[in-house]
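Structure first, then comments.
Read the figures in this text as sums done on the coordinates, not as results from a lab. Owing to the predicted nature of the structure, the values given are computational and were not obtained by experimental measurement. In this analysis, Cβ positions are derived from the backbone assuming ideal geometry, glycine residues included, and neighbour counts consider all displayed protein chains.
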Amino acid sequence: MNMPRALIVLAEGFEDVEAVTVVDVLRRAGVEVVTAALADSPDVMSAHGISMRADALFGDAEKDDYDVVILPGGGLGTENLKKSDAVLERLRRQKESGRLIAAICAAPTVLVEAGVLDDGQHVTCYPTCSVDLDRPCAGVPVVADGNVITGQAPGSAMLFALVIVQTLLGDRVARKVAVGLVTDVL
């Protein structure tokens with residue numbers, strides 16, 4: 001069985017916990033994770049001043065196929081994602097292919113910007129960002145609806161990551177990872 005592939009887009013100002021937790025949990029599950037810098041350098045500064053070296057530049061990495069494209073939030077990071085026509089187009093291609101899209105915190109607003117949410121599709125996001133969605137916000141930690149998974153905030157990052165694993169690899173693998181992390185969020 002081929003292991004799923006995930007692309008995590010790191011824009012300047014990304015939320016640290018949301019990016020690193022998701023990378024860690026997915027790799028523990030055996031998912032091939034590619035972090036991609038939305039910049040001219042693989043070094044990306046987080047919202048809280050941590051420099052992270054991405055595996056690749058977005059322009060190179062996004063050309064491949066991925067089972068899931070994941071957007072960490074963070075106020076500045078989300079604004080930078082929204083400004084990128086390449087990110088918006090990549091999300092549209094991901095939706096057209098029927099593959100998974102995941103966004104957490106403020107990043108679900110990027111999905112609105114890209115036009116990849118279906119009418120009536122349920123999402124969650126950071127509470128102050130709900131006014132930027134063109135739909136009601138569920139106000140819960142994680143929502144999986146169709147090919148979209150959304151998370152509410154940094155405190156939801158572990159559950160968000162485990163739901164992505166559950167969607168890609170099934171309940172057994174997700175529970176095994178959760179047990180190894182000694183968490184009962186799933």
Requested in this report: Quick one: check the C-alpha center-to-center distance for segment 21-77 versus segment 125-145, whole angstrom.
Outcome: 22 Å
Query - Residues of type lysines that residue 95 reaches as a straight line, Cα spacing below 27 Å, ignoring anything fewer than 8 places off in the same chain - result: 63, 82, 83
Requested in this report: Quick one: what are the phi-derived ³J(HN,Hα) couplings along segment 8-24, Karplus 6.51/-1.76/1.60 with θ = phi - 60°, whole Hz, x for glycine and proline?
Outcome: 10, 8, 10, 9, 3, x, 5, 6, 3, 4, 5, 7, 5, 4, 5, 4, 4
**Report entry** Around residue 154: net Lys/Arg minus Asp/Glu count, Cβ-Cβ under 12 Å
**Finding:** -3
Report task. Starting from the Cα of residue 176, draw a straight line to each of the aspartates and glutamates and keep only those under 15 Å, dropping any in the same chain fewer than 8 residues away. Result -> 24, 184
Query - Three-way shape call for segment 53-133 based on the alpha-carbon gyration tensor, with the a/c threshold at 1.5 - result: oblate
Query raised in the report: By how many nm would the segment from residue 24 to residue 176 grow when fully extended, if each residue of separation counts as 0.36 nm and the alpha-carbon distance is taken off?
Result: 53.3 nm
**Report entry** Linear extension gain, residue 135 paired with residue 185, 0.36 nm per residue minus alpha-carbon span
**Finding:** 15.3 nm
Query - Rounded if a/c under 1.5, otherwise prolate or oblate - the chain, Cα gyration tensor axes - result: rounded
Query - Rg followed by Dmax, in Å, when segment 98-137 is reduced to its Cα trace - result: 9.4, 29
Requested in this report: Please say if segment 96-186 is rounded, prolate or oblate, where rounded means a/c under 1.5 for a ≥ b ≥ c the square roots of the C-alpha gyration tensor eigenvalues, and otherwise the choice is prolate for a/b larger than b/c and oblate otherwise?
Outcome: oblate
Report task. Quick one: which residues, 5+ away or cross-chain, put their amide H under 5 Å from the amide H of residue 14? H built at 1.01 Å from N. Result -> 47, 77
